[in-house]
Amino acid sequence: MSVPHISSFCRLAALALAALACSAASAQAVLQQIAMKGQINLGYRVDASPFSFRDGQGRPAGYMIDLCQSAVERVQAATGKVLRVNPVEVPADQVVRYLQAGTVDLLCAATTDTPERRGAMAFSHPVFVSHARVLVRAVDGITAVDQLRDQSVVVIGRTTADTLATQRAAERGWKVVRALDAVAAMGQLELGWARGYLRDDVLLLTQLAQGRNPEAYTLLPQELSNEPIAIAVRPGDPQLLKAVNDALVQANRSGLLEAAYQRWFMGPVPPFNRPVNLPMSATLKDELARWR
């Protein structure tokens with residue numbers, strides 16, 4: 001009777017050792033994997049200008065792409081190899097899967113650093129801070145959020161702005177209206193069906209820059225939320241994250257980061273070739289000063 005018992009124990013031990021071996025293999029440092037492949041995969045969004053988009057030559061471009069290129073140079077120094085850069089288009093709803101599966105090494109998109117996401121990915125120093133703000137029609141003469149009490153405020157359904165509006169509706173006296181997408185939300189504001197349109201400021205200004213009559217609208221100054229945006233990597237590899245952060249610190253100290261910000265948020269941006277006109281916020285300036 002003891003032989004089957006020992007045999008069973010050995011099988012369990014073998015399975016446990018195999019599991020540990022697989023775990024060790026899967027946990028191999030991403031930096032080492034990149035060095036072995038001689039290639040680094042940069043994930044980006046094709047429709048998230050000015051953060052990342054595909055330019056007229058079909059190449060990735062944008063603020064996050066510029067910063068990721070700096071990170072690539074630091075990764076090359078860390079691996080001692082000249083790496084082939086492979087851009088990978090990442091759908092908005094697949095960012096976690098692409099990163100965890102190893103399809104991308106650096107996620108160079110407008111990825112918000114949230115507590116919920118930190119279990120699935122690791123984040124660099126913040127390189128942008130998005131603020132939820134309200135867009136109004138200039139003709140309505142609204143200059144402050146408090147003037148929207150008892151008024152309709154439109155949001156895009158099932159977004160962070162929707163959640164924020166739901167939380168703030170009672171205290172601010174808003175009547176929250178939900179639209180299917182950005183075009184529908186802007187349409188409700190344009191027609192006066194809603195007095196305000198709540199969304200992240202950079203997205204509102206980008207939408208305005210693409211529109212027919214941006215001067216007909218006013219972005220109210222009050223910031224209703226802060227959302228840090230960063231480069232994302234797979235969790236559990238401090239070497240790669242350190243290389244990215246070291247690159248960002250250097251870009252910050254040298255002025256490259258600020259130059260990239262001025263280029264993409266204050267200058268004309270393809271494909272609409274109008275400036276977004278979003279000066280660097282005090283929140284982002286304070287953040288950059290912390291790790292300069």
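The values are calculated or read from the model by the stated rules, or taken from the named source; none is laboratory data. Source: prediction; values computed, not measured. Neighbour counts run over all protein chains shown; Cβ positions are idealised from the backbone, glycine included.
So here's what we get for this one:
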{"read-out": "Residue count, the stretch 90-107 (criterion: of a type in the set (D, E, K, R) and more than 21 Å from Gln69 (Cβ to Cβ))", "value": "2"}
{"read-out": "Verdict on Arg178 being among the basic types (Lys, Arg) and modelled with pLDDT of 95 or more", "value": "yes"}
{"read-out": "Sole residue being in contact with an Asp or Glu (Cβ under 7 Å, 6 or more places away or on another chain) and not hydrophobic (A, V, I, L, M, F, W, C), chosen from Pro270, Pro279", "value": "Pro270"}
{"read-out": "Of the criteria (1) crowded, with 18+ Cβ neighbours inside 10 Å; (2) not assigned by TED's automatic domain parsing to the domain that holds Met64, which one Ala251 fails", "value": "(2)"}
{"read-out": "Flag for Leu83 being surrounded by fewer than 19 Cβ atoms within 10 Å (Cβ to Cβ) and either modelled with pLDDT of 95 or more or more than 23 Å from Pro270 (Cα to Cα) (or both)", "value": "yes"}
{"read-out": "Pairs where the first residue, in the stretch 145-162, is touching a residue at least 60 places away in the same chain (Cβ under 8 Å) and of a type in the set (Val, Ile, Thr) and the second is in a loop (DSSP other than H, G, I, E, B) and crowded, with 20+ Cβ neighbours inside 10 Å, C-beta under 6 Å, 6+ apart", "value": "Val145/Leu220"}
{"read-out": "Some residue of the stretch 102-113 being over 26 Å from Asn226 (Cα atoms) and buried (at least 17 other Cβ atoms within 10 Å of the Cβ)", "value": "yes"}
{"read-out": "Condition met for Ala169 (surrounded by fewer than 17 Cβ atoms within 10 Å (Cβ to Cβ), within 20 Å of Ala209 (Cβ to Cβ) and touching a strand residue (DSSP E or B) at 6+ places or on another chain (Cβ under 8 Å))", "value": "no"}
{"read-out": "Residue in the stretch 227-237 that is assigned to a helix (DSSP H, G or I), within 29 Å of Ala71 (Cβ to Cβ) and not small (Gly, Ala, Ser) present", "value": "no"}
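Residue by residue, here is whether (1) within 16 Å of Leu107 (Cα to Cα); (2) part of a strand (DSSP E or B) holds:
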site	(1), (2)
Met36	no, no
Asn41	yes, yes
Phe53	yes, yes
Cys68	yes, no
Ala71	yes, no
Ala77	no, no
